[in-house]
Amino acid sequence: MISADTNIFVYLHDDAEPQKKEVAQEVIHLMSRRRSPIALQVVGELQNVLRRKLKASPAAAAQAGRNLMTLLPVVPATQSAAEQALDFAGTGHISYWDGLLLFTLRQAGVTTLLTEDLQDGERFGAIQIVNPFGPVGMSEKARVVLGADAP
């Protein structure tokens with residue numbers, strides 16, 4: 001199962017990065033066809049980034065979050081995921097928020113996380129990190145895991 005980090009959804013709204021916006025549109029289209037889950041954390045982070053960095057109105061940012069929850073199934077964090085994220089953050093290897101995202105998704109059965117914020121190819125337990133952005137368009141790894149070339 002595949003999921004995506006907040007940065008992928010932010011690019012849908014970022015006109016300053018047209019190539020990444022195009023890739024994000026394709027990734028999200030393919031994810032919606034598969035009914036790929038997202039962590040509830042991503043919804044909150046999306047509206048926050050849209051308001052703070054892209055200067056969207058509070059209403060527009062909130063609506064973008066609602067739209068995302070309508071498009072894809074949402075997985076909430078559990079106390080267990082939060083405890084594991086705190087333990088992992090305590091090692092200094094990863095932030096609490098990245099850990100919470102990873103442990104929440106792992107509990108949901110996700111095996112691939114699309115993100116540009118973590119090292120492409122890195123593994124966190126059962127989850128492999130794939131950067132969907134290639135030098136020109138979608139990365140080859142992302143095309144394979146999403147079945148982008150399948151009919």
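A few comments on the model shown:
- Boolean, Glu17 is crowded, with 16+ Cβ neighbours inside 10 Å, farther than 28 Å from Ala82 by Cβ and not hydrophobic (A, V, I, L, M, F, W, C): no
- Exclusive hit being in a loop (DSSP other than H, G, I, E, B) and either within 12 Å of the chain's Cα centre (by Cα) or among the hydroxyl-bearing types (Ser, Thr, Tyr) (or both), set Thr91, Thr70, Thr104: Thr91
- Contact map, the range 6-21: first residue on the phi > 0 side of the Ramachandran plot, second residue buried (at least 17 other Cβ atoms within 10 Å of the Cβ) and part of a helix (DSSP H, G or I), Cβ cut-off under 9 Å, separation 6 or more or different chains; the map is empty.
- Any pair with Cβ under 7 angstrom, 6 or more apart, that starts in the range 96-118 at a residue that is of a type in the set (A, V, I, L, M, F, W, C) and ends at one that is surrounded by fewer than 17 Cβ atoms within 10 Å (Cβ to Cβ): Leu100/Ala82; Val110/Met1
- Considering (1) without any contact (Cβ under 8 Å) to a residue 24 or more places away in the chain; (2) more than 23 Å from Ala142 (Cα to Cα); (3) among the aliphatic types (A, V, I, L, M), the lone condition that Ala126 does not fulfil carries the number (2).
No value in this document is a laboratory result; all are computed from the given coordinates. On a predicted model such as this, the values are computed, not experimentally measured, just so you know. Cβ: placed from backbone, ideal geometry, glycine included. Neighbour counts: every protein chain shown.
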